[in-house]
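The values are calculated or read from the model by the stated rules, or taken from the named source; none is laboratory data. Quantities reported herein were computed from a predicted structural model and do not represent experimental measurements. Here Cβ is always computed from backbone atoms with ideal geometry, including for glycine, and neighbour counts include all displayed protein chains.
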Amino acid sequence: MSAIPMPNLAPSIDWRQWRSAGRVAAAMGMRTDSLARLCRKSLQARGLAMFATPPEGGQAQWFLHVAADRRLLPGGIGERYQSPDLSQFPREKVTAAMQKAAVADAFGQALATRPGLVKDWLPMFIEEERRKHPELRIRGRSVYAWHRTYKHPANLVKLIDARGGDRRS
């Protein structure tokens, strides 16, 4: 039996308390289909999961309430959610890494909420992010790579370009 999508309940639901299953699965190191099965079999009956259309529209998907697992609470808990020590890196490279993380988070949010095919809205997304971060070189491949790399704050170090010299020319 498959889940029936709930209508868009944006006015009655506090969406800040719900996380998309794709994001949750990645953060918890689970497969999305395994998490969807768990939602269907037990979490939905307990009111901790729902299959719904995101408030901004798009494809119906599973959402988990933050009460389903303490790792979903805002701010995160544990080593993964602690900011790493970045004092060994130059300020410019740390700033660039933080901007890459912001783009990766925005891309994850766009994947979860924007309707249509990614190839249709990706150029517009890249242009929006270029306006926000003019000093950052943003391309489609970069966005995907940053999104794959940055899953939680502990991964910020992985976004730092540790090579020396001027890499923009």
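Listing for the model above:
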item	result
Breaking point among (1) more than 29 Å from W62 (Cβ to Cβ); (2) in contact (Cβ under 8 Å) with a residue 12 or more places away in the chain; (3) not polar (S, T, N, Q), for R131	(2)
Pair list, Cβ < 9 Å and 6+ apart or interchain, from the range 38-51 residues that are over 17 Å from I13 (Cα atoms) to residues that are hydroxyl-bearing (S, T, Y)	R40/S2
Subset of the range 81-110 [part of a loop (DSSP other than H, G, I, E, B) and touching a Phe, Trp or Tyr at 6+ places or on another chain (Cβ under 6 Å)]	none
Positions within the range 26-47 being assigned to a helix (DSSP H, G or I) and at pLDDT below 85, in sequence order	A26, A27, M28
Residue pairs meeting the criteria (Cβ under 6 Å; at least 6 apart or on separate chains; first touching a residue at least 12 places away in the same chain (Cβ under 8 Å) and surrounded by 14 or more Cβ atoms within 10 Å (Cβ to Cβ), in the range 25-37; second outside any loop (DSSP other than H, G, I, E, B) and of a type outside the set (G, A, S))	A36/W62
Residue within the range 91-106 that is modelled with pLDDT under 90, closer than 22 Å to L35 by Cα and loosely packed, with under 12 Cβ neighbours inside 10 Å present	no
Residues of the range 134-157 classified as in contact (Cβ under 8 Å) with a residue 12 or more places away in the chain and not in a helix (DSSP H, G or I), total	8
